[in-house]
Amino acid sequence: MAGLFVYLHFTGDDRDGPDAGAQRDTTTNHPTTTSATAALEDTIPQQSAGAHAAEDAARQGLTVAFTWNPATDGSPSDAYARARPWFTEVFAARTIIDGGPERGPGIQWDQWASQGAKVVADVDLGCSGCPPDSETVVHRVATISQTAIVGEQTEEVTPDTTVWITLIRTIERWLIDDIRY
């Protein structure tokens, strides 16, 4: 595309004429980037009309599922239970059987509980390698950053958690149908 632009830019220049070294006026009366713009649009992933609503539901549900209160929660499964309004019935039933998230803080949970910590989640969504959206199914990759808060002190929880999620459109709204690590 850059080569095409350069070619179009210099086509018609009189390189051997008397004004060959003069500054060229680059103002034109017609757009010169039509081809480049069309090619750029082809590289942007297409989103369904409901993608923004699906992403909002994903952010809300994952934020609740990964925000923990170890002083009162028995495990991260309690947060998954709080997130059930953002889950399909099938996925919610699986989390009860499976016991919630596949990964968790392990021994760190007991330390947070004894300190009275709260762990707050921040969710960032992307679409690297996701299948195309449809009107009823959207796939996203989520990076979940957590911060442990103890009194006035905060500490980033490392590493971030990355999950692949599937959302489906029900009659009423978008719901999380799967979370994979």
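The values are calculated or read from the model by the stated rules, or taken from the named source; none is laboratory data. Small disclaimer: the values here were computed from a predicted structure and weren't measured. Because the Cβ atoms are built from the backbone with ideal geometry, glycine has one as well, and the counts that use them run over all protein chains shown. Quick note on the areas: whole protein, heavy atoms, side chains included, nothing else; ligands and nucleic acids left out. Shrake-Rupley method; radii C 1.70, N 1.55, O 1.52, S 1.80 Å.
Residues in the range 107-129 include at least one that is over 21 Å from Ala58 (Cα atoms), exposed (fewer than 12 other Cβ atoms within 10 Å of the Cβ) and not polar (S, T, N, Q). Would you be able to say whether some residue in the range 158-178 is over 19 Å from the mean Cα position of the chain (by Cα), farther than 20 Å from Glu55 by Cβ and not acidic (Asp, Glu)? No, that holds for no residue.
For the range 104-122, residues that are out of contact with any strand residue (DSSP E or B) (no Cβ under 7 Å at 6 or more places or on another chain), hydrophobic (A, V, I, L, M, F, W, C) and assigned to a loop (DSSP other than H, G, I, E, B) total 1. In a residue-by-residue description of the range 73-85, the property of being of a type in the set (Gly, Ala, Ser), touching a Gly at 6+ places or on another chain (Cβ under 7 Å) and open to solvent by 20 Å² or more (accessible area, probe 1.4 Å) applies to at least one position. Considered as a group, the residues in the range 134-181 that are within 15 Å of Pro105 (Cα to Cα) and hydroxyl-bearing (Ser, Thr, Tyr) include one that is surrounded by the fewest Cβ atoms within 10 Å (Cβ to Cβ), and that residue is Thr158.
Determine which single condition Thr166 fails, assuming it passes every other condition in (1) in a strand (DSSP E or B); (2) out of contact with any His (no Cβ under 8 Å at 6 or more places or on another chain). Checking Thr166 against (1) in a strand (DSSP E or B); (2) out of contact with any His (no Cβ under 8 Å at 6 or more places or on another chain), the one that fails is (2). In this structure, is Ala92 in contact (Cβ under 8 Å) with a residue 12 or more places away in the chain, among the small types (Gly, Ala, Ser) and open to solvent by less than 20 Å² (accessible area, probe 1.4 Å)? When the stated conditions are applied, Ala92 does not pass them. The residues of the range 58-72 that are assigned to a helix (DSSP H, G or I) and surrounded by fewer than 21 Cβ atoms within 10 Å (Cβ to Cβ), listed by number, are Arg59, Gln60, Thr63, Val64.
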